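Novice: Please see the structure below; I have some questions.
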Amino acid sequence: MTTGSSALPGPQPGGADASVPRRKSRYSLLTRRDKLTLALMVGIPTILCLSFIWLPTLASILLSFTNWRGIAPITANNIVGFKNYEVLFTQYTLFWPAVFHNVIWLIFLVFIATPIGIFFAVLLDREMRGTRIYQSAFYIPVVLSLAIVGFIWEQMYTSQGFINSVLGHTSSDTAIDFLGNPSLNLWAVLIAASWRHVGYVMVLYLAGLKSVDPTLREAAAIDGANARQTFIRVVFPVMKPINVVVIVVTVIESLRAFDIVYIINKGKNGLELLSTLITNNTLTEASLVGFGSAIAVILLLLSLVPIVFFLTRTMRSDTR
Amino acid sequence: MSTSTNVSSVAQPTVAVQPRRRIRWQRVALHAFLITMALVWLFPIAWIAYTAFRPIGDTILHGYVSLPQTLTLDNFVSAWNEAELPRYFLNTLIVVIPALFAILFVSSMLGFVFSRFSFKLNILLLIMFTAGNLLPPQIIIVPLYRIYNWLPIPPPLSDNGLLYNQYFGLILINFIFQTGFCTFVLSNYMKTINRELTEAAFVDGASVWMIYRKVILPLCRPALAALATLEFTFMYNDFFWALFLIKDGNRRPITSALNNLQGAFFTDQNQLAAAALLVAIPTIVVYLVLSKQFVRGLSLGSTKG
């Protein structure tokens, strides 16, 4: 078992021929036209990406230090320092609940949906009749947008919906208000979101499992490991790159969650999330641009954790 | 490695020694479990389909959980005609098709440069594109909304002189946002293509453009097909950008239009179920037809090569 893990193949280094010395001279082969081509190939998309993603990110940070309402031109009088953050942390009653909801969202996806997806992947990763059909069944929700997922699950949860009908709560006063009751609706929505997330994790994991060197498992079997031991001790550690991707995807999805709660009630009444607080404060009549931007900065800081984690891992292995 | 392959032939008998009965019983249990779970997973979709096929009168009289008296296509027909669904499907195509081509074209060029050249800025730029795609879009929406209402755009691309409320604006942001993901995937994919190929072309005096066009692009066809499938679905499913960057309800693509139509046209659950199903069908069909591409696209993003 131990010898097996030391011989793990990992992601193929791919075309890694060690002909490094030629690298330097290659640039001298570039003509002026080649250099222009390269500059255009990279330059135009870079300018677009900077001006439509990174400039707005920077602008959100700057706006968070103002009390701008988005109507009159912005002046030095609008600068309020950290006041928005102060209000956010101490007075704004929806902020901590939203953070809490995002955390619950994350925990639910990480500890419930993700393990179910991994479990399905492990079950389906074998020669078996009908495995493609099972995979498709679990995967179909993933191709739907979270907005459509919201519509579909509304039909399960409303007073006339499937669950209430089956429970016999047909009149609207006895029906369980899954989507309206603020202590229930987050869980109801999380089940719907997990319905989609499980299939996503399953597919990512299946792809990873397929790339595990079969000789590793054979070696583990010879050493007398049973299926569970083989998975936990041999396969799971080799799957580290996939595990990183799955975790990063899950964290980012939990921070981005928006569509499904917006469909149900625009992210109010128990369904507040940081993402919906941003839009509800800024792109509505309230138009609290400065304040909403402070929430955006909090969301940015939280998102940077998985993003930096992911990029440092992938780019480090990239430089070989 | 060679020793373990030798050993594997020895391993065969030990598997066969296990009692066959037990294995068969395990298989039956596994299938029973998987069939149950698959049915549970498909149930919500089956349920809206069932609701969609029933007339509202029937469900009012007998409740939603009841055997059908009649099944009709009426809800689909009325959703299709009264809510003018074709218009929104058309909006989706107007946005998704140009964006799709732009994404694949630009990200393949970026991937080409990032994987074939080691300029100092390359890693930094790759990080910039990838991280941009990973950001929650809500972080940038407020300034973006301002830019869209400020930046002047000439007539053929915009009929109000702005990016706001324009197909072009929606194409642009989808293109920029999704290019990050595709660039990341394609540059990883291209790193697995043997360097000798492009080196040889260089030495033979081929231009950078020729190498991209004639050597790299043809070799990337499988990855491009996979990404096209995936990106079509991603953009078809976009809800957020269209919700805040398109003002007119009738310019919205289908996924975001459904939100407006919910109150305005669909008076009952059965009709809404029919509409939701109609919106869901294209992506489900794309998946069922191109599932291999789909899964490959996702796994390309998570594994290298």
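The values are calculated or read from the model by the stated rules, or taken from the named source; none is laboratory data. Keep in mind that what you see is a predicted model, and the values were worked out from it rather than measured. Cβ atoms come from the backbone with ideal geometry, glycine included; neighbour counts cover every protein chain shown.
Novice: Looking at this structure, is B:L243 within 30 Å of B:V142 (Cα to Cα), facing chain A (nearest Cβ under 10 Å), assigned to a helix (DSSP H, G or I) and touching a helix residue (DSSP H, G or I) at 6+ places or on another chain (Cβ under 7 Å)?
Specialist: yes
Novice: Then there is this: For the stretch B:258-287, name all the residues that are farther than 21 Å from B:P55 by Cα and either at the interface with chain A (Cβ under 10 Å from one of its Cβ atoms) or not in a helix (DSSP H, G or I) (or both).
Specialist: B:N259, B:P282, B:T283, B:I284, B:V285, B:V286, B:Y287
Novice: Which is within 13 Å of chain B (Cβ to nearest Cβ) and assigned to a helix (DSSP H, G or I), of A:F120, A:F108?
Specialist: A:F120
Novice: Being assigned to a helix (DSSP H, G or I), among the aliphatic types (A, V, I, L, M) and under 16 Å from B:L144 (Cβ atoms) is the filter; apply it to the stretch B:163-215 and report the residue that is nearest to the other protein chains (Cβ to nearest Cβ).
Specialist: For the stretch B:163-215, the residue satisfying everything is B:I176.
Novice: Oh, and also: (1) touching a helix residue (DSSP H, G or I) at 6+ places or on another chain (Cβ under 9 Å); (2) at pLDDT below 95; (3) at the interface with chain B (Cβ under 7 Å from one of its Cβ atoms): which one isn't true of A:Q12, the others all being true?
Specialist: Here A:Q12 meets the rest and fails (1).
Novice: Could you check how many residues of the stretch A:277-296 are in a helix (DSSP H, G or I) and more than 8 Å from chain B (Cβ to nearest Cβ)?
Specialist: Qualifying residue count, the stretch A:277-296: 7.
Novice: Checking A:I74 against (1) within 14 Å of chain B (Cβ to nearest Cβ); (2) at pLDDT 95 or above: exactly one of these is not met. Which one?
Specialist: For A:I74, the exception is condition (2).
Novice: Can A:V203 be described as under 18 Å from A:L124 (Cα atoms), facing another protein chain (nearest Cβ under 8 Å), crowded, with 16+ Cβ neighbours inside 10 Å and at pLDDT 85 or above?
Specialist: For A:V203, the condition - under 18 Å from A:L124 (Cα atoms), facing another protein chain (nearest Cβ under 8 Å), crowded, with 16+ Cβ neighbours inside 10 Å and at pLDDT 85 or above - is met.
Novice: Tell me which residues, restricted to the stretch A:133-173, are within 25 Å of B:N237 (Cα to Cα), without any contact (Cβ under 8 Å) to a residue 60 or more places away in the chain and more than 8 Å from every other protein chain (Cβ to nearest Cβ).
Specialist: Scanning the stretch A:133-173 gives a single hit, A:Y157.
Novice: Among the residues of the stretch B:117-157, count how many are closer than 21 Å to A:Y262 by Cβ and aliphatic (A, V, I, L, M).
Specialist: Adding up the residues that qualify gives 7.
Novice: Inside the stretch A:187-219, can you point out the residues that are under 30 Å from A:K266 (Cα atoms) and either over 18 Å from the mean Cα position of the chain (by Cα) or free of Cβ contacts under 8 Å to residues at least 60 places away in the same chain (or both)?
Specialist: A:W187, A:A188, A:I191, A:W195, A:R196
Yes/no matrix, rows are residues, columns are (1) among the acidic types (D, E); (2) surrounded by 24 or more Cβ atoms within 10 Å (Cβ to Cβ):
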position: B:Q138; (1), (2): no, yes
position: B:P152; (1), (2): no, no
position: B:D159; (1), (2): yes, no
position: B:Y164; (1), (2): no, no
position: B:L170; (1), (2): no, yes
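Novice: Taking the options B:F114, B:F119, B:F43, B:F33, name whichever one is facing chain A (nearest Cβ under 10 Å), of a type in the set (F, W, Y) and crowded, with 21+ Cβ neighbours inside 10 Å.
Specialist: Going through B:F114, B:F119, B:F43, B:F33 in turn, just one is facing chain A (nearest Cβ under 10 Å), of a type in the set (F, W, Y) and crowded, with 21+ Cβ neighbours inside 10 Å: B:F114.
Novice: Give the residues of the stretch B:241-279 that are crowded, with 20+ Cβ neighbours inside 10 Å and polar (S, T, N, Q), sorted by residue number.
Specialist: B:T255, B:S256, B:N259, B:Q269, B:N270, B:Q271
Novice: Would you say A:L58 is in contact with a helix residue (DSSP H, G or I) (Cβ under 7 Å, 6 or more places away or on another chain), part of a helix (DSSP H, G or I), surrounded by fewer than 17 Cβ atoms within 10 Å (Cβ to Cβ) and within 12 Å of chain B (Cβ to nearest Cβ)?
Specialist: no
Novice: Next question, about the same structure. Restricting the search to the stretch A:220-242, which residues are in a helix (DSSP H, G or I) and free of Cβ contacts under 8 Å to residues at least 24 places away in the same chain?
Specialist: Scanning the stretch A:220-242 gives A:A221, A:I222, A:A227, A:R228, A:Q229, A:T230, A:I232, A:F236, A:K240.
Novice: Do we find a residue being of a type outside the set (S, T, N, Q) and within 11 Å of chain B (Cβ to nearest Cβ) anywhere in the stretch A:176-191?
Specialist: yes
Novice: Exactly one condition in (1) under 17 Å from A:C49 (Cβ atoms); (2) touching a helix residue (DSSP H, G or I) at 6+ places or on another chain (Cβ under 9 Å); (3) among the aliphatic types (A, V, I, L, M) is not met by B:V96; state its number.
Specialist: Unmet for B:V96, out of (1) under 17 Å from A:C49 (Cβ atoms); (2) touching a helix residue (DSSP H, G or I) at 6+ places or on another chain (Cβ under 9 Å); (3) among the aliphatic types (A, V, I, L, M): (1).
Novice: Can you name every residue in the stretch A:88-102 that is under 11 Å from A:F291 (Cβ atoms) and hydroxyl-bearing (S, T, Y)?
Specialist: Once the filter is applied, which keeps residues that are under 11 Å from A:F291 (Cβ atoms) and hydroxyl-bearing (S, T, Y), the stretch A:88-102 yields only A:Y92.
Novice: While we're looking at this one, here's another question. Looking at this structure, is A:T114 within 12 Å of chain B (Cβ to nearest Cβ), more than 28 Å from A:N280 (Cα to Cα) and among the polar types (S, T, N, Q)?
Specialist: Criteria not met by A:T114.
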